[in-house]
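The structure under discussion appears below in the form of structure tokens.
Derivation of every value follows stated rules applied to the coordinates shown; laboratory data play no part. All values reported here derive from a predicted model rather than from experimental measurement. As a convention, Cβ positions derive from the backbone with ideal geometry for all residues, glycine included, and neighbour counts pool all protein chains shown.
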Amino acid sequence: MGSRPAADARRGLCQQRAPRGHGSRLSRRDRDVARRARGCARRRGRLAHARGPPPHRAGRADAWLRPGRRAATAALGAALRCYAIDRGGQLFLRVKDSASPARLTFTGVERYPVDPRWRVEARLEADSARSIAIPNVLGQVSEEPCPGRLVFTLDGRECALWPLGAPGEELFIVFADATSGAETYGAGRFLSAPAPDAAGRATLDFNRAVNPPCAFSPYATCPLPPAGNALAVAVRAGEKTWGEAH
């Protein structure tokens, strides 16, 4: 991969800054999932390898990468870093550019004013054996643990959401509402909440609702709201849509 026109992985490598001669190989124990570039040595039992610039260029780096190990990164020049991720059994190299104009010119995300009426108490109808289907922006669907259904009153209406997480752990909610696609990001927002207490009570503070990474980058692999997590209420709390949202 690199910035030269013939590189297989060129589009996502920040063409103005990526060195031309990088090589990369993604492999599994049973098969290769990406073409091996010239000069990239084989090594069994590893999931991904990324090689830095040739010896005559500064910043040479070699790293063996494994999905889920964020510490294992490879330098691809002065501003670029990459690491391996696994999405539904498919391997990808995620590239981050600290010199991206989008990052350097970022001025923040507009938010609704904090309003205590969007901080509500919910009741968890526990079901420790449940899992729910979570789609993502790649079109994949995965089964994720769900501790049950959260029931609460919001803006005078009874509502319910399906959170993610194991019983007794912090809750993670992917939801949409009546503002999605207009005032807020069209693919929904994220909300985290403390674990329910022994009686199943949990506090949901929608003032803390945030945009997912895919609101800022076309290369993110965000989860989308599962069935049942689209609220009819206009939740005017938390982050609004970013001006250049994807």
**Request:** Report the residues of segment 210-246 in range of a label on Glu110: point 7 Å along Cα→C-beta, backbone N strictly under 12 Å from it.
**Result:** 240-244
**Prompt:** Length gain on complete extension for the stretch Arg157 to Ser142, per 0.36 nm per residue less the alpha carbon to alpha carbon distance?
**Reply:** 2.4 nm
**Message:** For Leu91, what residues show an amide H to amide H distance below 5 Å, using hydrogens built from the backbone and excluding near sequence neighbours?
**Reply:** none
**Using θ = phi - 60° and Karplus 6.51 cos²θ - 1.76 cosθ + 1.60, couplings along segment 80-87 (whole Hz; Gly, Pro as x)** = 9, 9, 9, 8, 8, 10, 10, 10
**Request:** With label points built 7 Å along Cα→Cβ from the Cα atoms of Ala129 and Ala79, find their separation and express it in nm.
**Result:** 5.4 nm
**Message:** Please arrange Tyr185, Tyr219, Tyr83, Tyr112 by how many other C-beta atoms lie within 10 Å of their C-beta, fewest to most.
**Reply:** Tyr219, Tyr112, Tyr83, Tyr185
**Complete:** Expressed as a percent, the portion of alpha-carbon pairs in segment 76-172 spaced more than 16 Å apart is 73 percent
**Message:** Place a point 7 Å from the Cα of Asp197 along the Cα-to-Cβ direction; which residues of segment 159-175 have their backbone N under 18 Å from it?
**Reply:** 168-171
**Complete:** Along segment 92-104, Karplus-curve 3J(HN,Hα) (6.51, -1.76, 1.60; θ = phi - 60°) to the nearest Hz, with x for Gly and Pro, reads 9, 9, 9, 10, 10, 10, 6, 9, 4, x, 4, 6, 5
**Message:** 5 Å is the cut-off here: which amide hydrogens, built 1.01 Å from N in the peptide plane, fall below it relative to Cys159, excluding neighbours closer than 5 in sequence?
**Reply:** Phe152, Thr153, Leu154
**Asked** Mind listing P(r) for segment 104-149? All alpha-carbon pairs, 5 Å bins, whole percents.
**Response** 5, 14, 11, 11, 12, 17, 20, 7, 3, 0
**Fill in**
The simple spin-label model distance between Glu170 and Ala232, using points 7 Å out along Cα→Cβ, in nm, is 3.3 nm
**Prompt:** Please state the Cα pair-distance histogram of segment 116-215 with 10 angstrom bins from zero: what percent is in each bin?
**Reply:** 15, 47, 33, 5
**Asked** Which residues' amide hydrogens lie under 5 Å from the amide hydrogen of Ala79, considering only partners 5 or more residues apart or on another chain, with H built in the peptide plane?
**Response** none
